[in-house]
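Reviewing the structure listed below.
The values are calculated or read from the model by the stated rules, or taken from the named source; none is laboratory data. Because the structure is a prediction, the values reported are computed rather than measured. Neighbour counts run over all protein chains shown; Cβ positions are idealised from the backbone, glycine included. Calculation scope for accessible area: heavy atoms of the full protein, side chains included, ligands and nucleic acids excluded. Shrake-Rupley method; radii C 1.70, N 1.55, O 1.52, S 1.80 Å.
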Amino acid sequence: MGEAGGHHSNPLMIQSKTLAPSTGAPALDFGSAWDYAAAPERVQVKIAARYGHFIGGKFVPPAEGKHFPTVNPATEETLSEIALGSAADVDRAVAAAKAALPRWSRLPARERAKYMFRIARRIQERARELAVLETRDGGKPIKESRDIDIPEAAQHFFYHAGWADKLQYAFPGRNARPVGVCGQIIPWNFPLLMAAWKLAPALACGNTAVLKPAETTPLTALRLAEILAEIDLPPGVVNIVTGAGETGAALVAHPGVRKIAFTGSTEVGKKIAASIAGSGKRVTLELGGKSPNIIFEDASLDQAIEGIIQGIYYNQGHVCCAGSRLFVQESVLDEVLVKLDIRLRSLRVGDPLDKNTDVGAINSADQLQKIRRYLDVGRAEGADLHESNGSPLPERGYWCRPCYFTGVQPAHTIARDEIFGPVLAVMSFRTPEEAITRANNTPYGLAAGVWTDKGSKIFEVAKRLKAGVVWCNTYNQFDPASPFGGFKESGFGREGGLHGLRAYLELS
Ligand code: NAP
Ligand code: MG
């Protein structure tokens, strides 16, 4: 079956071992050859010592008086104490959302849109502050929060503001009404962006919402709450209750909630689906993935390598649609591995606030432990691990060097489980047929990438891949107008575009 086996392992290393001594040339050290001066983002962002929930337009203390710390995963310092939401807090938030619903849903749609445009503009105005906050709370490189997370969050509000008064064009001949109070639960990998993905369509369609951010990354959602108050969004239209898994479970279980929108793990998604069965609640689930990237021999290999790097090492691999399985056509496998290795060594891992950093901190100690367990399992099952060996990592904080495995068999755990870290499983294939079969051989189906110069091959392969998104000669491109979502265990329902609106409306 032509696996990327030990005999292929890391051609560059073979080269430096065998060639360097005989030529007398110093071994290449990509880490130090390209060092940049430190370029830290110096903007100071105010963080309160303690945050309450945002309910009915105001910050309020938690009913049970309990708080939990949120830390900076790059330094392990506690940034703030966050309200731990109980069922009583959720109840209060749902009541506020319910009370706000009649006025908000009957507001002329263009007025709803104006509020949303204001939110979008205020996110843009406060973008730098939000980016720093996102990076400090979650560990992602500042260049990503600055260039991707925050601008895309603003775009989502802009885009959906545009729909608010045009729903009759989105669903011609139908009468579109809001669903009611929406319970929205988001993960820690794109905290503000996921909040925008959830809130923007809900508000555009005239719903009110209770949002539960992830335990490790609540700060940008709380800053968004400040923005909502600043632009005078009517109290109760958006409520934010912070907390842990139980807070989310209380929101899912609340009888006042008419729709659940969840992004997170497949495990929790299944629990949610089970717990609301028969309740009449609507649900959309955006879950995990094990997305394949397929490089054909006719692809532009340098371009493909950039896409592969983007696809798996971007945001430390904390991306549901990360291209975590790489299938390379056998004839170009050696070449791809050399290029991958060179590129891997040039990635800068470290201080997420440094503008040159490519790979930041792993989001939490728990997640780091989970990734390390997978690295051990991968080796124990017989695959070969190749890590970037650049400059030393910071002493404190949670770090994982970008890496890849060769010698991977389809049955290996690292080829099947979602790792949610900067870990790539490289495998090879001979024919397009084999590539498609193996790419589809997974319980997930969120995304896929195809790399080839042949347009006809793109269409043929993309059509047969069972994934919600198939990127061709690119990867990880998002747009509020494109629906996003999964097949199989990657979830159901779509977010973004027309399809995303549908989930927030009753059509008659
Ligand atoms: P997670 O454990 O499923 O958590 C997601 C959210 O659900 C968090 O806010 C979490 O709160 C909350 N939660 C936990 N248990 C709950 C329960 N029983 N009922 C209701 N809510 C509950 O996932 P994660 O570790 O935060 O995120 C990583 C996962 O998300 C990965 O598997 C990834 O693939 C997936 N993801 C998918 C997409 C997508 O669009 N398909 C996007 C991003 C991430 P706590 O934070 O307090 O645990
Ligand atoms: Mg944090």
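Residue by residue, here is whether (1) within 30 Å of LYS166 (Cβ to Cβ); (2) surrounded by 13 or more Cβ atoms within 10 Å (Cβ to Cβ); (3) within 16 Å of ligand 1 (Cβ to nearest atom) holds:
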residue: VAL43; (1), (2), (3): no, no, no
residue: GLY57; (1), (2), (3): yes, yes, no
residue: VAL71; (1), (2), (3): no, yes, yes
residue: LEU79; (1), (2), (3): no, yes, yes
residue: ALA83; (1), (2), (3): no, yes, yes
residue: ALA95; (1), (2), (3): no, yes, no
residue: GLY139; (1), (2), (3): no, yes, yes
residue: GLU144; (1), (2), (3): no, yes, yes
The stretch 56-113: number of residues that are within 16 Å of ligand 2 (Cβ to nearest atom), among the polar types (S, T, N, Q) and either free of Cβ contacts under 8 Å to residues at least 12 places away in the same chain or farther than 30 Å from GLY350 by Cα (or both): 1
Test: residue in the stretch 263-275 that is more than 23 Å from the chain's Cα centre (by Cα) and either of a type in the set (Phe, Trp, Tyr) or in the same structural domain as HIS156 (by TED's automatic domain parsing) (or both): yes
Number of the condition not met by ILE436 [criteria: (1) assigned to a strand (DSSP E or B); (2) in contact with a Leu (Cβ under 7 Å, 6 or more places away or on another chain)]: (1)
LEU233 being away from ligand 1 (no atom under 14 Å from the Cβ), part of a loop (DSSP other than H, G, I, E, B) and on the phi < 0 side of the Ramachandran plot: yes
Top-ranked residue in the stretch 406-422 [being small (Gly, Ala, Ser) and touching a strand residue (DSSP E or B) at 6+ places or on another chain (Cβ under 6 Å); ranked as farthest from ligand 2 (Cβ to nearest atom)]: GLY407
Filter result for HIS160 (farther than 30 Å from ARG396 by Cα, touching a residue at least 24 places away in the same chain (Cβ under 8 Å), part of a helix (DSSP H, G or I) and within 16 Å of ligand 1 (Cβ to nearest atom)): no
Test: residue in the stretch 360-373 that is open to solvent by less than 50 Å² (accessible area, probe 1.4 Å) and either in contact with a strand residue (DSSP E or B) (Cβ under 6 Å, 6 or more places away or on another chain) or basic (Lys, Arg) (or both): no
Single condition ALA221 does not satisfy, out of (1) within 16 Å of ligand 1 (Cβ to nearest atom); (2) more than 17 Å from GLN124 (Cα to Cα); (3) assigned to a helix (DSSP H, G or I): (2)
Number of the condition not met by THR216 [criteria: (1) away from ligand 1 (no atom under 11 Å from the Cβ); (2) assigned to a loop (DSSP other than H, G, I, E, B); (3) open to solvent by 20 Å² or more (accessible area, probe 1.4 Å)]: (1)
Cβ pairs under 8 Å, 6+ apart, first in the stretch 431-443 and over 28 Å from SER265 (Cβ atoms) and outside the structural domain of LEU326 (by TED's automatic domain parsing), second open to solvent by 60 Å² or more (accessible area, probe 1.4 Å) and in a loop (DSSP other than H, G, I, E, B): none
Residue match in the stretch 326-337 (condition: at pLDDT 95 or above, small (Gly, Ala, Ser), within 16 Å of ligand 1 (Cβ to nearest atom) and assigned to a helix (DSSP H, G or I)): no
All positions within the stretch 164-217 that are within 16 Å of ligand 2 (Cβ to nearest atom) and aromatic (Phe, Trp, Tyr): TRP188, PHE190
Candidates ILE119, ILE150, filtered to the one that is open to solvent by less than 30 Å² (accessible area, probe 1.4 Å) and either within 16 Å of ligand 2 (Cβ to nearest atom) or within 30 Å of GLY350 (Cβ to Cβ) (or both): ILE150
Only listed residue being touching a Cys at 6+ places or on another chain (Cβ under 9 Å) and within 16 Å of GLN329 (Cβ to Cβ), chosen from THR437, THR452: THR452
Residue match in the stretch 270-283 (condition: out of contact with any helix residue (DSSP H, G or I) (no Cβ under 9 Å at 6 or more places or on another chain), near ligand 1 (Cβ under 9 Å from one of its atoms) and either part of a loop (DSSP other than H, G, I, E, B) or closer than 20 Å to ASN207 by Cα (or both)): no
Which listed residue, of GLU246, GLU286, is surrounded by fewer than 24 Cβ atoms within 10 Å (Cβ to Cβ), more than 16 Å from ligand 2 (Cβ to nearest atom) and modelled with pLDDT of 95 or more: GLU246
Residue check, ILE371 outside any loop (DSSP other than H, G, I, E, B) and aliphatic (A, V, I, L, M): yes
